[in-house]
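Heads up, the thing below is written out as structure tokens.
Each reported figure results from applying straightforward, stated rules to the coordinates on display, with no laboratory input. Because the structure is a prediction, the values reported are computed rather than measured. Because the Cβ atoms are built from the backbone with ideal geometry, glycine has one as well, and the counts that use them run over all protein chains shown.
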Ligand SMILES: Nc1ncnc2c1ncn2[C@@H]1O[C@H](COP(=O)(O)OP(=O)(O)O)[C@@H](O)[C@H]1O
Ligand SMILES: [Mg+2]
């Protein structure tokens, strides 16, 4: 069902991403690693899960690890253990080997980590075991930028996997963080040099596709909405599949009127926009990033962003510092550059910034 609010799990519930899906599956089948990048709510998790479904049909084992909110190697370890327990067939197959790993308590259906066990070494031991005993295996690390502050540990671990176990492939999703950059353009001294993953950037739907998506979802419920109303939805939510889905769900499942569904979608989207921005700002210089964002919300050139920051802080900002700020926003897919001006990608994030609620 197109208007299901959960990330989609099956290729047939995923709208308009056939080419992306084929590319991902093709790369993984050829044991090439891949990163799926893009803004929040664009459908990265859905695409990764649909790829999981298709790969499983082709005899791959796929572990899905959600890293949102994890910021340590312990978080990665917990995610891997969780995914392994979820994959009952693989778990049954490797349980006897897992129980030989010191640091793990292995039960019938659950595993726990013993006190004092080191997450980096334990994760390596588990992945090595999978490298030795699983057949073709794909591990999806969803929202991998969350591990940015343990980037060097992770890159080393991944490089070791890459050079030792050709049956294990990784699929990363997230935004273009420093971590993703170091996976994609490693320095010559990096263990990943010459082994960069493929990269796929997922964009919001174009206006025509957005309209068709809404029509297709409504058709599943034998409903129609006047075209002018659909155009209003598309112009308000700018082709972000997550918001279009929410609107569609409100009209079809919750049976709200068009106006009420718009209002409800705006409310929900506003909450997520706030959460996304706050999560982004948590680890950054809040004031400068917010000043830049507020200028960009109106649409701004490089010098206009600079002027807005300088006027508000009363201090000069040099090109290098401004570049760090603007690049971080671009890499998080919060803003994009069109011609010589910068704009906020998600119209809801833009309205949130203009509302003055972000301080
Ligand atoms: N191509 C698509 N077809 C159908 N629904 C989609 C599509 N892309 C995203 N969605 C829906 O949008 C919402 C956000 O998708 P999700 O995969 O969680 O995005 P992301 O991981 O990029 O934040 C979910 O409700 C999902 O079902
Ligand atoms: Mg996601």
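Subtracting the Cα-Cα distance of residue 282 and residue 299 from their residue separation scaled by 0.36 nm leaves 3.7 nm.
Computed per residue of the chain from DSSP H runs no shorter than four, each worth -39500 (n - 2.57), the mean residue ellipticity at 222 nm is -17000 deg cm²/dmol. Summarised in one figure, the compactness ratio Rg/Rh of region 198-325, Cα atoms and Kirkwood Rh, is 1.11.
Ranked by how many other Cβ atoms sit within 10 Å of their own Cβ, fewest first, the residues 243, 124, 68 fall in the order 68, 124, 243.
Neighbour counts of C-beta atoms inside 10 Å place 223, 73, 1 in the sequence 223, 1, 73, starting with the fewest.
Rg then Dmax, both in Å and based on the Cα atoms of region 284-354: 11.0, 31.
Remind me, relative contact order of the chain in percent, using alpha carbon pairs under 8 angstrom and six or more residues apart?
Contact order relative to length: 18 percent.
Normalised by 2.2 N^0.38 Å, with N the number of residues, the alpha-carbon radius of gyration of the chain equals 1.07. GNM remark for the chain: springs join alpha carbons under 10 Å apart, and the peak mean-square fluctuation among 37, 256, 76 falls on 256. Taking the number of Cβ atoms within 10 Å of each Cβ as an exposure proxy, the fewest-first ranking of 316, 203, 8 is 316, 203, 8. Taken over region 11-201, the alpha-carbon convex hull comes to 114 cubic angstrom per residue. Can you tell me the orientation of helix 227-237 relative to the chain, as the angle in degrees between its alpha-carbon axis and the longest Cα principal axis, to the nearest 10? It works out to around 70 degrees.
Just to be sure I understand: with springs between alpha-carbon atoms less than 10 Å apart, which residue in 136, 327, 19 has the highest mean-square fluctuation in the Gaussian network model of the chain? Fluctuation is largest for 19. The angle between the Cα long axis of helix 302-313 and the main principal axis of the chain comes to about 90°, on a 0 to 90 degree scale. The gain in end-to-end length when the residue 254 to residue 85 segment is fully stretched comes to 57.4 nm, 0.36 nm per residue minus the alpha carbon separation.
Against the chain, whose longest principal axis is taken from its Cα atoms, helix 44-57 shows a tilt of about 40°. Most mobile of 279, 31, 184 per a Gaussian network model of the chain (Cα springs, under 10 Å)? Greatest mean-square fluctuation among the candidates belongs to 279.
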